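Trainee: Pasting in a structure now, in structure tokens, and then I'll have a few things to ask.
The values are calculated or read from the model by the stated rules, or taken from the named source; none is laboratory data. This structure is a prediction, so every number in the text was calculated from the model and none was measured. Cβ atoms come from the backbone with ideal geometry, glycine included; neighbour counts cover every protein chain shown.
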Amino acid sequence: MELVIQQTVNAISLGGIYALLAIGLAVVFSVAGLINIAHGELMTIGGYVMLALVGMGAPWPLIVVAIVAAPALAAILMERVAFRPLRGSGPQTLFLSSLVVAIVLQGLFQGLISPQPKGIALPGFLDDSVAIGGVTIGVNAIVTVVVVALTLAGLVWFFRRTTVGCSIRAASLDFDMVRAVGVRANRVIPLAFALSGALAGIASFLWIAQRGSVDPLLGLTPVLAAFVATAVGGLGSTAGAVLGGFLFGGLTVLFQATLPDGLLPFRDVFTFGLVIAVLAVRPRGLLAAATGERA
Amino acid sequence: MSAPLLSVHDLSVSYGPVRAVRDLSLEVRRDEIVALLGANGAGKSSTMWAIVGLAPRTGGRVALDGRDLTKTATEDVVRAGVAIVPEGRRVFANLSVRDNLRLGGVARAADDRRGPLGRDEVGDLFPLLAERWDDLAGGLSGGQQQQLAIARALAARPRLVLLDEPSLGLSPRLVGEVFALMAELRRRGITLLVVEQNAQRTLEIADRAYVLQHGRIVLAGAAEEVRASELTEAAFLGGGAAHPTPTL
């Protein structure tokens, strides 16, 4: 029983990180029609900002703010430099541009910082565990679950109660019509990028809190999972991104915990196999953004 | 006489090699209902979208109340007071009625004294929409979606509404309601440029009309003149086109 609870918490915390990343991808895809390959690099930027500030002995509240703000600013910059000039060109062009951004940033991290992982000294309490009702759970996992829950609650408020949030949801169906009611593309697109960057920053903090180091390819694995999550959930659907994130995180933990030792190296074969099965049945994902009424 | 509310001069629209609109000029004066008529593919919708800058213009000028909007971004044309009710309604299906109207209100001038379009005011014109305030637009019937698309345009407190095929796909009874609504909007001081297949009924409520054929204006004048003209007949009015079979 204890194992089940521990693994459930693990699944929620891993799935939650994937969900935050997947929402960022979905939001940018909604408004810019872009699958942002460089999303992982936003995470990595957050990681290096954390490394630098911890190294300088900055107070933790400042570090937390910076790890969210820096990737958000980087995302706005990315949009301005690499995507806005290409607006209106096809998805392939935008995809290639984001690939170039990712490769350039990875190269810069390797050349200017280090190709090797750099350890980050985290507050000691993150390594502790607590017993809740007789079940031992890592503080790390609890922090992750709480942060993810608060972030998702904030996002629900943002998407339901604010005009910008509504614009982003509407844009996933019909961006031209969103402009035709007067929403400024040059406001809502950078805002969507900033949101995706901020979420990547939060994910970066939680990811590093579990691993204790940052390297140039930090974002690669989690963002790959997030891509899969958005595909499973339905590209452009934020609810789908959350569902896909938790599903993919849950499956990963499930196979990790239940596969016999001999099959454990093939864990990802099982998770991705299931993903392919889902996409075979629902090619547009579980919660594909409904197509607009254009009869 | 003061400048017309909307003036379009020598507008051309091309989709690649296809010229959808050629050297089109038209005017809409304050408090008028102006009809833009023509057969399918005559360039009516392209003209509407080109006015707000969402169709590829290859020439011409657009001005609202004397202010040149030719190079203005779509968002700012709409904010200047031109709201569009597009063909096919294009309501935001994944948002509630309330949130559709919230987005419609984005273009409202900050100093507009009437304030945001509220539920009571919506209920006054569209009682059914007020009842379904928190329901998703995608779940509304076709007629309700058409009402929502119009209400969304009104939420901007526009000076001019471009109505593209508002009766398309509606049952005969709802078609009647849409035409009654247009007359009511004019009474409320809203200027309309209307694209319609249903030419006869449109000409009954319009002040003036333009007839488009192959992207060019072939006839312009007061509604009754246009109705009487053989050119209108030739352009598309003959046969069943004046009484299209409802598809819904």
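Trainee: In the list A:VAL156, A:VAL183, which residue meets the criterion of being within 7 Å of chain B (Cβ to nearest Cβ) and either of a type outside the set (Gly, Ala, Ser) or farther than 18 Å from B:ARG90 by Cα (or both)?
Mentor: After ruling out the rest, the residue left standing is A:VAL183.
Trainee: Can you name every residue in region A:97-122 that is surrounded by fewer than 13 Cβ atoms within 10 Å (Cβ to Cβ) and either more than 29 Å from A:MET78 (Cα to Cα) or charged (D, E, K, R) (or both)?
Mentor: A:ALA121, the sole residue that qualifies.
Trainee: Now, a different point. Go through A:GLY292, A:GLY262, A:GLY249, A:GLY245 for me and flag whichever is surrounded by fewer than 22 Cβ atoms within 10 Å (Cβ to Cβ) and modelled with pLDDT of 90 or more.
Mentor: Within the list A:GLY292, A:GLY262, A:GLY249, A:GLY245, the selection yields A:GLY262.
Trainee: A further question follows. Mind checking whether some residue in region A:274-286 is buried (at least 20 other Cβ atoms within 10 Å of the Cβ), in contact with a Leu (Cβ under 9 Å, 6 or more places away or on another chain), within 14 Å of another protein chain (Cβ to nearest Cβ) and part of a loop (DSSP other than H, G, I, E, B)?
Mentor: No, region A:274-286 contains no residue that is buried (at least 20 other Cβ atoms within 10 Å of the Cβ), in contact with a Leu (Cβ under 9 Å, 6 or more places away or on another chain), within 14 Å of another protein chain (Cβ to nearest Cβ) and part of a loop (DSSP other than H, G, I, E, B).
Trainee: May I ask you to list the residues in region A:159-176 that are charged (D, E, K, R), in contact (Cβ under 8 Å) with a residue 60 or more places away in the chain and more than 7 Å from chain B (Cβ to nearest Cβ)?
Mentor: none
Trainee: For region B:74-97, which residues satisfy the criterion of being more than 9 Å from every other protein chain (Cβ to nearest Cβ) and part of a helix (DSSP H, G or I)?
Mentor: Matches in region B:74-97: B:VAL97 only.
Trainee: Moving on to the next point. Out of all the residues in region A:232-242, which are part of a helix (DSSP H, G or I) and crowded, with 22+ Cβ neighbours inside 10 Å? Spell out how you get there, then give the answer.
Mentor: Taking region A:232-242 first, the residues part of a helix (DSSP H, G or I) are A:232-233, A:238-242.
Within region A:232-242, A:VAL232, A:GLY233, A:THR238, A:GLY240, A:ALA241, A:VAL242 meet the criteria.
Trainee: Filter region B:138-169 down to the residues that are more than 30 Å from B:LEU26 (Cα to Cα) and out of contact with any Lys or Arg (no Cβ under 9 Å at 6 or more places or on another chain) and list them by number.
Mentor: Matches in region B:138-169: B:GLY138, B:SER141.
Trainee: Under the condition of being touching a residue at least 60 places away in the same chain (Cβ under 8 Å) and within 21 Å of the chain's Cα centre (by Cα), which residue from region A:84-96 is surrounded by the fewest Cβ atoms within 10 Å (Cβ to Cβ)?
Mentor: A:PHE95
Trainee: Right, something else. Would you please name the residue that is nearest to the other protein chains (Cβ to nearest Cβ), looking only at residues in region B:36-68 that are in contact with a helix residue (DSSP H, G or I) (Cβ under 7 Å, 6 or more places away or on another chain) and surrounded by 23 or more Cβ atoms within 10 Å (Cβ to Cβ)?
Mentor: So, considering only residues that are in contact with a helix residue (DSSP H, G or I) (Cβ under 7 Å, 6 or more places away or on another chain) and surrounded by 23 or more Cβ atoms within 10 Å (Cβ to Cβ), the one nearest to the other protein chains (Cβ to nearest Cβ) is B:VAL52.
For every residue, the table says whether it meets (1) touching a Ser or Thr at 6+ places or on another chain (Cβ under 6 Å); (2) crowded, with 17+ Cβ neighbours inside 10 Å; (3) under 18 Å from B:ARG89 (Cα atoms).
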position	(1), (2), (3)
B:GLY104	no, yes, yes
B:ARG108	no, yes, no
B:ARG119	no, no, no
B:GLU131	no, no, no
B:ASP134	yes, no, no
B:LEU140	no, yes, yes
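Here's the yes/no breakdown for (1) modelled with pLDDT under 95; (2) buried (at least 20 other Cβ atoms within 10 Å of the Cβ):
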| site | (1), (2) |
| --- | --- |
| A:ILE142 | yes, no |
| A:ALA171 | yes, yes |
| A:GLY182 | no, yes |
| A:ALA192 | no, yes |
